[in-house]
Amino acid sequence: MAARKSPLFDTATTLGKIIAFLGISGLAGVLAAGLLVPVAAAAGTGASASLQFFEQLPAEMEREALAQPTTIQASDGSLIATLYEENRQPVTLDQVSPTMQNALIAIEDYRYYEHGGVDLEGILGAIASNVSSGTSRGASTITQQFVNNVLIDSARQNGGTVTLSGGGKSVGDKLREMKLAIAVEKEMSKDEILEGYLNIVPFSGTTYGVQAASKYFFNTEAKDLNLPQSALLAGLVNGPSAYSPETNPEGALQRRNLVLGAMLTRGKISQAEHDAAVATDLGLTITPTLSGCVGAAQAPYFCDYVTHLVLNDPAYGETPEEREKVLFRAGLTIKTTLDSRVQAAAQTAVNETANPDTTDGAVGHSMTSLEPGTGNILSMAQNTRYMPGEAAGDSVLNFNVDQYQDGDPARSLGGVGGFQPGSTFKPFTVAAWVDSGRALNTAIDGRKRTYPEGDKWPASCLPGGAYTVLSDDGKGYTPQNYGDTNYGTYTVLRGLAQSYNTITMQTARQLDMCRIFDIAYDMGVHNGKSAEGSAEKLDVLAPGLIGGVQDVAPLSMATAFAGFAAEGNVCQPRALTEVTAADGTSYPVAPVNCRQAIPKETAQGTNYATQEVIKSGSGQLLEFGDIPMAGKTGTNDQRSQTWFMGYNSGMATASWIGNWKEGNTSLSGLQIGGRVYPEIDGSLIAGPSWARFMQQIPGLYVGKPFANPPAAMINGTQRGTTPVNPARPTVPAAPGNGTGTNTGATGTNTGATGTGDTGTGTATGGTTGGSAGGNSGTNGNGGGNG
C-alpha cells in the first residue's frame with residue numbers, strides 16, 4: 001500500500017483549490033501567470049490569448065479627463081441647474097479628512113505605502129486564506145483599483161466595455177491591470193494616486209468621488225468628515241449597492257463597523273475612539289444634487305433653452321454625441337444673462353395667475369423679458385412643472401421659444417413654436433404707417449365693411465403687386481371689432497389704443513402690405529414653427545394683420561418690442577455670456593448682436609402710439625407703478641390665445657396665456673388659477689399678470705422716458721386724410737349705444753363706462769354739428785380685438 005500523501009503536497013488537490021480560487025477571485029493574475037500558464041500552454045488551452053494580450057499592454061496608462069458636473073448660473077452667480085452623468089466634485093488630497101484617508105487604507109490596502117503597485121504579500125495571503133477557508137478574499141491594491149476605475153471610465157467615455165469585477169476577468173485582464181498599476185506607481189506619487197482614487201471611485205448611483213459622496217450622505221465637506229462618516233464611506237467603495245445605507249442600512253452599519261475594526265487593528269484609532277464610533281447610528285443627511293433641468297434651482301425652462309443652445313452649437317463638438325459629452329462631462333461653467341430677481345418675479349406672477357394645481361392642463365402661461373439694446377434674456381418663466389409625462393400641469397415643452405433654432409429641424413429648441421399673436425401684431429401696421437410719412441392722428445374710416453372676393457390690396461412682394469382677398473365661402477372678408485360694435489371714424493392712434501380691427505384693416509389698406517410684414521420680420525417676428533432651414537416670414541394675409549394666422553413665439557415678440565424700445569435697434573436674443581470647461585477650455589458665446597431695423601423716428605412714432613394703450617386704451621387699468629410704459633394687448637379670434645406686451649426703454653416683456661394643447665379651442669369655461677373668466681382677453685388675464693410681475697421689481701430696468709417722435713408724425717398734415725385731435729375722434733351716430741349730450745357745433749359725446757375686450761374705458765369725443773349720442777356702453781371703447 002502506497003504511503004498517503006500529505007494534503008498540503010497533493011498537487012491535484014492544491015491545484016484544484018487554486019483553480020477554484022482563480023475562478024472566483026480577481027486577485028490571482030500573478031499566480032495565474034506563474035502557476036497555470038505552463039500547464040495551460042502544454043495542454044494547448046486558450047490561455048495563450050491572455051499571454052499575447054499581456055505582451056501588447058501599453059507602457060503607460062492614458063487617462064481620460066474625469067467627468068465633472070456642469071453648472072448653469074444666473075448673471076449674479078446663483079445656481080440655475082447642475083447637469084451631469086456622474087456627480088463628481090474633484091478635490092485635492094489636503095481637502096480630504098485624514099481620518100477618511102486612514103479609513104480607506106485600513107480596509108482596502110493597509111500596506112499601501114509599502115508596495116509598488118502590486119502587493120505580492122497580500123496576494124499570497126489571499127491565496128492561503130481562500131485555499132484553507134474556501135472564501136474569496138481579494139488582494140487588489142488601491143493602485144490596481146485606481147487603474148481599474150480609470151479603465152472603466154475611459155471605456156464609458158469612448159463607448160467601449162470593460163470587465164468590472166475580478167470574477168469575470170481573464171488572466172490577461174488581471175495581468176494588464178497589474179502592469180498598469182506598476183507603471184502608474186512609476187509616474188505618480190502615492191498621494192497623487194490616492195487623490196485620484198478618492199475622486200474617481202463610485203460611492204452610490206451617480207455619486208462619484210469622496211466630495212460628492214460627503215455632500216450626498218452627510219451634507220458636509222470631505223475635509224470635515226468625522227470618524228463614523230469616514231468609516232461608512234470607506235466601506236462603500238467595495239460594494240456601493242451591497243452596502244448602500246439607503247437600501248441596506250443594516251449591512252452598511254456592519255460594514256462601517258468592520259472598517260472601524262480594521263482601523264483599530266492597524267493602530268489608526270484608539271479603543272475608546274473605536275467604541276464611541278461603533279455606538280453611533282449611521283447619521284445620514286441625504287442631500288441629493290439634482291441633475292438636469294428637472295432639478296433646477298430656478299428657471300427650468302431657461303435651463304432647457306440653454307442646454308439646447310449648447311447641444312446645437314458645433315463649437316462644442318462636431319457630432320451631437322460629442323456635444324452631449326461636453327455638456328454632461330466636461331464640467332462647464334455656463335454663465336448666463338438671466339436676472340434671478342426678474343426671474344423670481346416672473347415666476348411668482350405666473351404661478352399666481354395660472355398655478356398648475358388650480359389650472360386646466362390645457363392652459364399655459366409664460367412670461368419672458370429681454371433687455372433692449374443688448375438682447376439679454378432676463379427671465380423665462382412658465383406655469384407648468386418641468387417634468388416629462390402626460391400628467392396635467394407637467395411638460396418639458398417650452399412655451400417661450402421656437403420649435404427649431406433658425407428653422408433647422410436638426411437643431412431643436414424644445415419649444416412649442418409659438419401661438420397666434422392676436423392684436424399684439426397691430427403695432428407693425430402703425431410702424432409702417434408712420435414710416436410711410438403719415439400722421440398718427442390721421443382719421444380712418446373704420447366702418448364695418450366686407451372686402452369682396454377678389455378685392456386687391458397693395459402688396460409689392462406678391463404676384464401682380466397685390467394681395468387678393470379670398471375666402472372659403474366666396475363671400476369675401478368681413479373683419480369685426482369685439483362685440484361687433486365701435487365702428488366709426490377714429491384716428492390711427494385711437495384705433496391702436498382701443499385695438500379696433502376695422503381701423504387696422506383700413507390703415508393697412510392704404511399701405512403696401514408687404515412693408516408691414518417686412519417690418520415685423522426685420523424686428524424679429526417670424527413663424528415659430530419654421531422648419532425649412534431658416535426663420536420664415538409670416539405670410540402676407542389680411543387676417544394676419546390682427547395676428548390670426550401663423551404662430552409666433554413669445555421670445556420673438558419680446559425681441560420685436562425690445563427693438564421698438566431701443567428706437568428700432570433690434571438685438572438677437574442672448575442667453576450665454578461665458579462658457580468655460582473644468583480644464584480651462586473657453587467656448588465662444590454669441591456677442592451682443594444688434595442692428596438698426598427701422599428708422600429711429602419710426603420706432604418713436606410706434607412707441608408714442610403704444611404708450612397711448614397704457615394711458616387711455618386697453619391697458620389703462622393695469623396697476624404696475626409709476627414707470628413710463630408702453631404696451632399692447634392681444635387676443636386671437638378664437639379666444640384661445642391672449643397676450644400682453646409691456647415695455648419701456650429698460651425691459652420688454654411678453655406675457656402669454658393660452659390653450660397650448662388645442663391652439664384654436666377657446667379658454668372660455670376653463671379653470672385658470674382656480675377661476676373661470678367671464679371674458680377671455682389679454683387685458684383681463686395676461687395684462688394683470690404682467691402688472692403683478694412689474695409690481696415686484698420696482699426700481700429695476702426702469703430705463704429712460706421714450707423720446708417723442710417729430711411733431712409732424714403726430715399731428716402734421718401728411719399723406720392720408722385729415723388729422724384730428726386724438727381726444728376727439730369722429731364718431732358716427734349709428735353705432736352709439738350709450739347716453740350722451742351734444743353741445744354746440746362740436747358737442748361732447750360721453751358714453752357710459754363699459755368693459756370690453758381690451759379693458760374698461762370711457763368714450764369722450766365730439767362730432768361735427770354735435771350729432772350722435774355716446775358710443776360706449778357694455779363694451780365701451782374696449783371693444784377691439786385686444
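Quick note: the coordinates plus some simple rules give every number you see, no bench work behind them. Computed from a predicted structure; not experimentally measured. Positions of Cβ are generated from backbone atoms using ideal geometry, with glycine treated the same way; all protein chains shown enter the neighbour counts.
For T489, nonlocal amide neighbours, meaning residues 5 or more places apart or on other chains whose placed amide H falls under 5 Å from its own, are G446. Applying a DSSP loop filter and a limit of 16 other Cβ atoms within 10 Å to the chymotrypsin sites (Phe, Trp or Tyr not before Pro) in the stretch 526-632 leaves nothing. Distances between placed amide hydrogens fall under 5 Å for D394 paired with R385, all partners being 5 or more residues away or on another chain. Scalar couplings 3J(HN,Hα) for the stretch 473-479, obtained by applying the Karplus form with A = 6.51, B = -1.76, C = 1.60 to θ = phi - 60°, are 9, x, 9, x, 10, 10, x Hz; x denotes Gly and Pro. A Förster distance of 22 Å, applied to the separation of the beta-carbon atoms of M387 and A297, puts the FRET efficiency at 0.90. Assuming 0.890 mPa s and 25 °C, estimate D for the stretch 454-559 with Stokes-Einstein, Rh taken as the Kirkwood radius over Cα pairs, in µm²/s. Roughly 163 µm²/s, to the nearest whole number. For K475 and T585, a Förster radius of 56 Å and the Cβ-Cβ distance give a FRET efficiency of 0.30, rounded to the nearest 0.05.
Evaluate the relative contact order of the stretch 321-403 (contact order divided by residue number), counting alpha-carbon pairs under 8 angstrom at least 6 apart; express in whole percent. After rounding, I find 27 percent.
So how far, in whole Å, is the C-alpha centre of the stretch 298-326 from the one of the stretch 631-699? Measuring centre to centre over Cα atoms gives 31 Å. In terms of the mean number of neighbouring beta-carbon atoms within 10 Å, the peptides 681-691, 256-266 order highest first as 681-691, 256-266. In loop segments of the stretch 457-537 as defined by DSSP, the trypsin sites (Lys or Arg not before Pro) with at most 10 further C-beta atoms inside 10 Å of their C-beta are K475.
Mind pulling up the Rg/Rh value for the stretch 345-463? Radius of gyration and Kirkwood radius, both on Cα. Rg divided by Rh gives 1.09.
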